[in-house]
Structures are given as C-alpha cells and as structure tokens.
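Beneath this line is the structure, given in structure tokens, with notes to follow.
Every read-out reported here was derived from the displayed coordinates using simple, explicitly stated rules and does not represent laboratory data. What you see is a predicted model, and the numbers here were worked out from it, not measured in a lab. Cβ coordinates were reconstructed from backbone atoms using ideal geometry, including for glycine residues, and neighbour counts include every protein chain displayed.
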Amino acid sequence: MTDDMAAIERSILVVDDEALIRINLAVFFEDEGFQVFEAGDADEAIGILDANPSIQVVLTDVQMPGSMDGVKLAHYVRNRFPPTLLVVASGAVKLTAADLPAHTMFLAKPFDPRFVLSEIDRLSA
C-alpha cells in the first residue's frame, strides 16, 4: 500500500468557524497522515460529507453560525453516515451523553489534539 493510499484511508473533517483553530487542527492531523477537510459551518460540512462519504472522522465545534450547530450536525452525521467517528468540542457549553448521538466523544476546549488522535486510533482499532 502506498503512502497516498494510507492517507486516503485516514480522513477527518474539521468543522469550526474560528479559522485559526480549524487551521491548527488541520495542520496537526495532516502531519499525522490524515487527509483533512475543513468547513466553517455545518452547511459547508454537509456539502463536503456528501461529496466525500468516505470521511471517517468528524471533529466539530458546538457553537457555529448557520442553519445548525455542532450538536445538530453530529446527529445528522450519525443518521446519514453511521460509521463515522464523531468528536464534539465546546469551550462554552458542557454537554452530556444524552445531548449527543450514540458513540460520540465530547471534549471541553481547549483540548490537546494528541489526545483526540489517541482516541481516534483506539476507537478505530
């Protein structure tokens, strides 16, 4: 298997309206061998997911502009793309498992992306 094929097999969509956070996470995951997609809101994320249904992980912020927040996006992704790993993060809202779709990890911001990577690796194994 070539490195290009490995990169395609590990893919993540980072959804955050704060460009610096989104870019920093994108660079981190690219450095870790992921094919990274970026979206500034849920509507853009849905378009990317529809065009790239093989995306394995969605990491989304909760509070974003647009037609839905990150929690609604997580529910949409779980219903439309069930095997996708979901990570929901917020620096303003504390969510419980009851607020999120099944098998979704919640992180309080700020968080260490290395922890997220270790959880993705653990859950993907």
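Counting only residues that are touching a strand residue (DSSP E or B) at 6+ places or on another chain (Cβ under 6 Å) and farther than 12 Å from Lys109 by Cβ, the stretch 81-94 holds 3 of them. The lone criterion from (1) under 20 Å from Ile23 (Cβ atoms); (2) in contact with a helix residue (DSSP H, G or I) (Cβ under 6 Å, 6 or more places away or on another chain); (3) not aromatic (Phe, Trp, Tyr) left unmet by Pro101 is number (1).
Within the stretch 68-83, is there a residue that is crowded, with 16+ Cβ neighbours inside 10 Å, more than 17 Å from Asp16 (Cα to Cα) and of a type in the set (Val, Ile, Thr)? No - not one qualifying residue is present in the stretch 68-83. Residues of the stretch 33-45 include at least one that is touching a Pro at 6+ places or on another chain (Cβ under 6 Å) and either without any contact (Cβ under 8 Å) to a residue 12 or more places away in the chain or surrounded by 12 or more Cβ atoms within 10 Å (Cβ to Cβ) (or both). Residue count for the stretch 99-116 under the criterion of being under 17 Å from Asn79 (Cβ atoms) and among the aliphatic types (A, V, I, L, M): the result is 2.
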